[in-house]
């Protein structure tokens, strides 16, 4: 069972609740029964209008639907329990899990849609450089700092899929970069980039930070919407609570952006 932070951002939790309701409304209700077919007792799956043998192609599809319904019902119960323990009233209905594509330019003429298919195309832990600096272990992967491991733990506990240091191409660059994290918000079918800047007492690193953010902007990605930046410096120490608030703001901004997948 994932361990949720004591503070649950209102908009993010509302999105998860409304997503479960949306999925349940789209899935058929399936009942398991037995029927005698040509003298043979068979397991069947029944919907409101149809009955299919369990060993048929359609029966297999209904079995998968039944499993999906069970998953969403379980999640809905969990999220509604969290809502009632933290907030008053009902979740806002305008926090809708609508799919609005965001794109990233990989060169002057080509772009990719930042969705689940893009996420699946990325290889986890793909940065071949300075592997000896990865000394902080969490859940099967070594990270470069305790903060990166803490961020990975946060995404894992929040059931948010992520890839660590995958290879990414951005417009304007003649070589790929390795973004610290690429996450997938399933409820929106959107990928987000997350860069953590953690080298302290270095003016050169501060300049590099500005360059990195400009590279993302040059590829059409907006900080606060497509890109999350976190810091661990003397002046700005990393705090998971502050990060959670930034993450929630990004989710909220994503609900009201427009689909930019068209030319």
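Readers should treat all values here as calculations from the given coordinates under stated rules, not as data from a laboratory. None of these values were measured; they are calculated from a predicted model. Please note: Cβ atoms are built from the backbone with ideal geometry, for glycine as well, and neighbour counts cover all protein chains shown.
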Give the angle, between 0 and 90 degrees and rounded to the nearest 10, that separates the Cα long axis of helix 10-26 from the longest principal axis of the Cα atoms of the chain. 30 degrees
Check: C-alpha center segment 199-263 vs C-alpha center segment 49-100, spacing in Å is 32 Å
Taking the highest mean first, how do the peptides 155-163, 69-77, 14-22 order by number of other beta carbon atoms within 10 angstrom per residue? 14-22, 155-163, 69-77
To the nearest 0.05, how large is the calculated FRET efficiency for residue 36 and residue 70 if R₀ is 30 Å and r is the Cβ-Cβ distance? 0.65
Measure of size requested: the Rg and Dmax of segment 151-252, with Cα atoms as the atom set and Å as the unit; please supply both. 13.6, 39
Quote the FRET efficiency, to the nearest 0.05, computed for residue 99 versus residue 47 with a Förster distance R0 of 25 Å and r equal to the Cβ-Cβ distance. 0.45
Can you work out the base-10 log of I(q)/I(0) for segment 10-86 at q = 0.14, 0.19, 0.23, 0.26 1/Å, using the Debye formula on its C-alpha atoms alone? -0.55, -0.77, -0.96, -1.11
From largest to smallest, what semi-axes in whole angstrom does segment 116-178 give when each is the square root of 5 times an eigenvalue of its alpha carbon gyration tensor? 21, 17, 9
Placing one equal point scatterer on each C-alpha of segment 1-148 and summing with Debye, one gets log10 I(q)/I(0) at q = 0.13, 0.15, 0.16 Å⁻¹ equal to -0.96, -1.06, -1.09
Could you give me the radius of gyration and the Dmax of segment 70-199, taking only the C-alpha atoms into account and expressing both in angstrom? 17.5, 52
Over all distinct alpha-carbon pairs, what is the Kirkwood Rh of the chain in angstrom? 20.9 Å
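Which order, highest average first, do 93-100, 112-119 follow once you tally other Cβ atoms within 10 Å for each residue and take the mean per peptide?
112-119, 93-100
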With -39,500 (n - 2.57) per DSSP H segment of 4 or more residues and division by the full residue count of the chain, the 222 nm estimate, nearest 500 deg cm²/dmol, is -12500 deg cm²/dmol
In degrees between 0 and 90, to the nearest 10, how far off the longest principal axis of the chain does helix 57-86 point, with axes built from Cα atoms? 60 degrees
